[in-house]
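These notes are about the structure you will find just below.
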């Protein structure tokens, strides 16, 4: 394990990291330190001073956002930092790398990055604003709420009150418990069902995404990716490490019609498309026909009260064989049934329970993250409706929500690439548009891997929509 400087401040100034945050802290890969991104596009005037003031005002409301990590007796603790999160305005002009890994021993785990997109009469007319955070601080839903609070304060509107961060243990545990119809079953039957799923998880060995040959990588890097919906970045900006795919309003309508005809959710269709794309990717690279596992974050928030930013998620694991992925209709139906089971059984909370138990044994989590095993083929996270996730009362327009003289035209979420996993996909709706973002470990998959995966997602989603 890495050597870390220990500190001995008063116990009252320290807060223990929750088990999931501690797990995130142990990921020390050079370019992927459990960082995630929430990006929004903006049009109109943008006031740098007001945006910075809004960031600082919101940060001081959330202890994790205003903290860095200190070590005591071999354990990480949160301690309030002297400085609030950074606002990096046009980092290309400033000569700053906004995507550098976080050093939580010195700095907070959140940055607000402002990228000019296009200019009009010498002044930027469009902007890309990115909240870049370390997953130890909080989850993606919490960052969406942070973004909503920043825009609320920017628009000179009152910030919503926060509930106490100390949620009663009974209430918190109920968030991951089965719903009533499942609780009515005999305990032996429920335990048998959960144990069966746990055994299936342990004995399913998912395929990792395979790397193309050097020649194929070079050709892909030089060729123009054939997906019309991939959003370009201005040449003068410091491009984020992920790429974004946008579906038009008409394409979104086709996708909604497709899921309505099949009586499944949009999330089910997107999960099925992801699995089929990942399976086909591996088959084309080296003929692999091994199974696919998707890690899917699931919210464990106990109620609708707004809480200080922190991690309140669990994970569900969706496993399918290669042959399962070939029949798209059967795949969607089985994924729909699996989603219903996850909701009824509270299975997503089992992961957090297991991490909590393992975290009590020194060194076990550190060792697990370094085992040469593929834990999952990819992470696929669906935030749903971004406007609902942001929980703001900003006025709406045909172009998006309005904050002062600025219009928010889209919002996208990008989950981190987990250890032993080389790709992640983030799915978000904003208004009548659908966005898919992709982050890949290019050291493993090679250059342009994100664009290539998104091009395949684009084609697969439109294929599924055309068959409704």
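The values are calculated or read from the model by the stated rules, or taken from the named source; none is laboratory data. Here the structure is a predicted model, which is why all the values come from computation and not from measurement. Here Cβ is always computed from backbone atoms with ideal geometry, including for glycine, and neighbour counts include all displayed protein chains.
Out of curiosity, is residue 388 free of Cβ contacts under 8 Å to residues at least 24 places away in the same chain, assigned to a helix (DSSP H, G or I) and farther than 21 Å from residue 250 by Cβ? When the stated conditions are applied, residue 388 passes them.
Among the candidates 300, 371, 318, 365, the residue that is crowded, with 16+ Cβ neighbours inside 10 Å and more than 22 Å from residue 427 (Cα to Cα) is uniquely 365. The residues of the stretch 55-72 that are out of contact with any helix residue (DSSP H, G or I) (no Cβ under 6 Å at 6 or more places or on another chain), touching a residue at least 60 places away in the same chain (Cβ under 8 Å) and assigned to a loop (DSSP other than H, G, I, E, B), listed by number, are 61, 62, 63, 64. Here residue 283 meets each of (1) at pLDDT 80 or above; (2) not in a helix (DSSP H, G or I) with one exception, condition (2). Kindly check whether there is at least one residue in the stretch 334-353 that is in a loop (DSSP other than H, G, I, E, B), within 22 Å of the chain's Cα centre (by Cα) and more than 30 Å from residue 74 (Cα to Cα). Scanning the stretch 334-353 turns up at least one residue that is in a loop (DSSP other than H, G, I, E, B), within 22 Å of the chain's Cα centre (by Cα) and more than 30 Å from residue 74 (Cα to Cα). In the stretch 16-54, which residue that is in a strand (DSSP E or B) and under 17 Å from the mean Cα position of the chain (by Cα) is modelled with the lowest pLDDT? Selected residue: 35.
Restricting 459, 449 to those that are surrounded by 22 or more Cβ atoms within 10 Å (Cβ to Cβ) and in contact with a helix residue (DSSP H, G or I) (Cβ under 9 Å, 6 or more places away or on another chain) reduces the list to 449. Considering every residue within the stretch 218-230, establish whether at least one is modelled with pLDDT of 65 or more and surrounded by 17 or more Cβ atoms within 10 Å (Cβ to Cβ). Yes.
Could you give me the residue pairs with C-beta distances under 7 Å whose first residue belongs to the stretch 360-371 and is touching a residue at least 60 places away in the same chain (Cβ under 8 Å) and outside the structural domain of residue 19 (by TED's automatic domain parsing), whose second residue is part of a loop (DSSP other than H, G, I, E, B) and surrounded by 13 or more Cβ atoms within 10 Å (Cβ to Cβ) wherever it lies, and which are 6+ apart or on separate chains? Qualifying pairs under 7 Å: 365/26; 365/359; 366/26; 369/26; 369/27; 369/419.
In the stretch 73-83, of all residues being in contact with a strand residue (DSSP E or B) (Cβ under 6 Å, 6 or more places away or on another chain) and part of a strand (DSSP E or B), the one that is surrounded by the fewest Cβ atoms within 10 Å (Cβ to Cβ) corresponds to 80.
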